[in-house]
Amino acid sequence: MTDAPRKLKPATLLVHGGTTRSPFGEMSEALFLTQSFAYPTMEAAEARFKGDDPGFIYSRFSNPTVAMFEQRMCLLEGAEAARATASGMAAVTAAMMAQVKAGDHVVAARALFGSCLYVVEDLLPRFGVASTLVDGADLAQWKAAIRPETKLFFLESPTNPGLDVYDLKAIADLAHNAGARLVVDNVFATPLLQKPFDFGADVVVYSATKHIDGQGRCLGGVILSSRAIVEENIHNFLRQTGPAMSPFNAWVMLKGLETLPLRVSHQAASAAKIADFLAEQKGVAKVLYPFRKDHPQAELARKQMLGGGTLVSFFLESKEKAFKLANALQVIKISNNLGDAKSLVTHPATTTHQRLTPEARATLGITDGMLRLSVGLEDADDLIEDLAAALAAAGRA
């Protein structure tokens with residue numbers, strides 16, 4: 001009897017997991033920049049297309065480099081299967097549209113990234129799929145929104161940009177009792193700090209553009225779920241519609257995964273330190289960080305997450321002061337991305353959530369004075385000095 005394989009920890013899996021080597025025995029994962037694949041015989045091609053032979057057919061369907069990225073993500077997330085996509089929004093859109101049809105109904109948390117709101121509020125209804133938005137923290141609203149035709153629940157936690165944290169287990173239970181599935185966008189938590197499958201999620205999606213790449217280079221997304229859901233719903237949708245991740249981007253993501261634990265650990269520690277600094281500053285009305293005691297869901301965050309994450313949201317009294325602060329920053333850059341090696345500041349009301357009405361933004365707590373800070377790999381003290389100087393400049397506005 002052979003010994004059972006050891007259960008490797010995430011940092012080890014992210015260096016070695018899912019690697020497939022060619023006969024050359026390369027140490028860095030091979031980059032298969034190819035559109036199609038050759039077959040030794042016509043019989044072999046027929047078997048491949050029928051599914052009797054598990055080899056590759058066409059890189060829109062699958063590719064060896066992309067498959068390595070998918071397998072490594074499965075090992076990290078604890079999923080049976082995964083499919084990579086060209087962007088995070090391709091992952092969100094496919095994860096939802098592949099599982100619904102005309103006449104179905106989706107319930108989603110109201111606090112979503114602007115493009116996700118577009119999919120739920122505008123795109124799905126064009127195809128006959130009704131949707132209802134709820135306060136994600138209010139379990140009674142989730143329950144009240146359920147209809148006989150409800151097929152999916154969708155949420156992100158922590159949310160963008162308000163950093164609200166939702167009870168994944170309770171929401172998953174409501175979905176399953178109604179015969180629906182729960183789709184979780186886990187991008188803010190990262191796969192290291194929160195495991196939605198442990199709390200009952202059926203599908204987990206990421207914008208790999210964010211922490212997984214983590215260095216501002218490539219777009220990408222990934223959908224993870226059970227083998228049955230991926231094979232019955234997700235795979236054929238992606239195969240026929242074509243939002244495939246390029247092999248080059250998959251190779252970049254594999255390199256990013258190798259350093260993900262180091263980066264996220266440093267960024268989360270710096271974010272916590274910066275959140276505490278900002279909370280003490282005159283002119284900062286409020287700070288949101290999931291692991292601070294004054295966060296509305298701090299206790300829940302500590303139950304679901306291993307760390308508070310890499311994002312901090314804070315509030316000044318006006319758009320004028322928020323702009324003045326951001327424009328005065330020297331180290332921190334103005335950008336709408338997040339999870340990058342470089343620290344980035346965003347004004348959600350005029351960028352990521354500008355398409356919402358002022359009333360909708362107010363409902364989500366997005367004020368004109370709100371700034372979202374994605375903490376990078378710089379020294380935390382340098383970032384604090386940069387913020388202190390910018391706060392002084394904003395105070396003179």
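For the chain, set up a Gaussian network in which alpha carbons nearer than 10 Å are linked by springs, and say which option among Ile332, Ile274, Ile57 fluctuates the most. Top of the fluctuation ranking is Ile57. Taking the DSSP beta bridges with both ends in the chain, the antiparallel portion is around 55 percent. The convex hull of the Cα atoms of region 261-361, projected and averaged over all directions, covers 7.3 nm². Each Lys and Arg contributes +1 and each Asp and Glu -1, all at the Cβ; summed about the Cα centre of the chain, the dipole is approximately 260 debye. Taking each residue as 0.36 nm, the span from Arg239 to Glu80 lengthens on full extension beyond its C-alpha to C-alpha distance by 55.4 nm. For region 257-326, the set of GluC sites (Glu not before Pro) satisfying both a DSSP loop assignment and a count of at most 12 other C-beta atoms within 10 Å is given as Glu280. Only DSSP H runs of four or more residues enter the estimate; each adds -39500 (n - 2.57), and after division by the residues of the chain the mean residue ellipticity at 222 nm equals -11000 deg cm²/dmol.
Computed over protein heavy atoms with a 1.4 Å probe, the accessible surface of the chain works out to 44 Å² per residue.
The share of accessible area on region 179-261 that comes from carbon and sulfur is 51 percent, using a 1.4 angstrom probe.
Within straight-line reach of Lys169, meaning a Cα separation under 13 Å, sit the following aspartates and glutamates at least 8 residues removed in sequence or on another chain: Asp198, Asp202.
Pair-distance distribution of region 173-237: all C-alpha pairs, bin width 10 Å, starting at 0; shares per bin in whole percent are 20, 45, 29, 5, 0. For region 99-173, chymotrypsin sites (Phe, Trp or Tyr not before Pro) meeting the loop criterion (DSSP other than H, G, I, E, B) and having at most 15 other Cβ atoms within 10 Å: Phe127. When the chain is treated as a Gaussian network with alpha carbon springs shorter than 10 Å, the biggest mean-square fluctuation among Asp53, Asp294, Asp381 belongs to Asp53. What does the C-alpha gyration tensor say about the overall shape of region 1-81? Classify as rounded when a/c is under 1.5, otherwise prolate if a/b is larger than b/c, or oblate. The shape class here is prolate.
A dipole drawn for region 23-149 from +1 and -1 charges on Cβ atoms has a positive end, and of His105, Pro64, Gln35 the residue lying farthest that way is His105.
Taking label positions 7 Å along the Cα-Cβ direction at both Phe37 and Ala228, the computed distance is 2.7 nm, reported to one decimal. With a cut-off of 14 Å between beta carbons, the residues surrounding Asn233 carry a summed charge of +1, where Lys and Arg count +1 and Asp and Glu -1. Counting every C-alpha pair in region 191-285, the share spaced more than 24 angstrom apart comes to 41%. Report the net charge of residues surrounding Arg126, where surrounding means a beta-carbon distance below 14 angstrom and charges are Lys +1, Arg +1, Asp -1, Glu -1. Net charge in that neighbourhood comes out at -2. If you take all other residues with their beta carbon under 15 Å from the beta carbon of Gly369, and give Lys and Arg +1 and Asp and Glu -1, the sum is +4. Loop-resident GluC sites (Glu not before Pro) (DSSP state other than H, G, I, E or B) in region 103-188 with no more than 16 further Cβ atoms inside 10 Å of their Cβ: Glu149.
Mark the label point 7 Å from the Cα of Asp381 along Cα→Cβ and return the residues of region 248-288 whose backbone N is within less than 19 Å of it. What the label zone holds, given the 19 Å backbone N cut-off, is 266-278. At q = 0.19 Å⁻¹, what log₁₀ I(q)/I(0) does region 1-140 have when each alpha carbon counts as one equal point scatterer in the Debye sum? Result of the Debye calculation: -1.16.
The length gained on full extension between Leu262 and Lys342, counted as 0.36 nm times the residue separation minus their Cα-Cα distance, comes to 27.3 nm.
Extension gain for the segment Ala285 to Val15, taken as residue separation times 0.36 nm less the Cα-Cα distance, is 93.0 nm to one decimal. Springs between Cα atoms under 10 Å define the GNM used for the chain, and in it the highest mean-square fluctuation of Leu300, Leu152, Leu219 occurs at Leu300. What a 1.4 Å probe finds exposed on region 296-397 is 51% carbon and sulfur by accessible area, rounded to a whole percent.
Note on region 6-85 and region 214-244: Cα centroid distance 14 Å, given to the nearest whole angstrom. The simple Förster model, with R0 at 51 Å and r as the Cβ-Cβ distance, assigns Ala44 and Arg147 a FRET efficiency of 0.55. With all protein chains in place and a 1.4 Å probe, the accessible surface of region 1-124 carries 58 percent carbon and sulfur. Total lysine pairs in region 252-385 at Cα distances under 16 Å, for residues eight or more apart or on different chains: 9. Among beta bridges from DSSP that stay inside region 1-153, the antiparallel ones total about 10%.
The values are calculated or read from the model by the stated rules, or taken from the named source; none is laboratory data. Keep in mind it's a predicted model, so treat the numbers as computed, not measured. Heads up, the Cβs are rebuilt from the backbone with ideal geometry, glycines too, and the neighbour counts pull from every protein chain shown. Areas reflect the complete protein model, heavy atoms only, side chains present, ligands, DNA and RNA absent. Shrake-Rupley method; radii C 1.70, N 1.55, O 1.52, S 1.80 Å.
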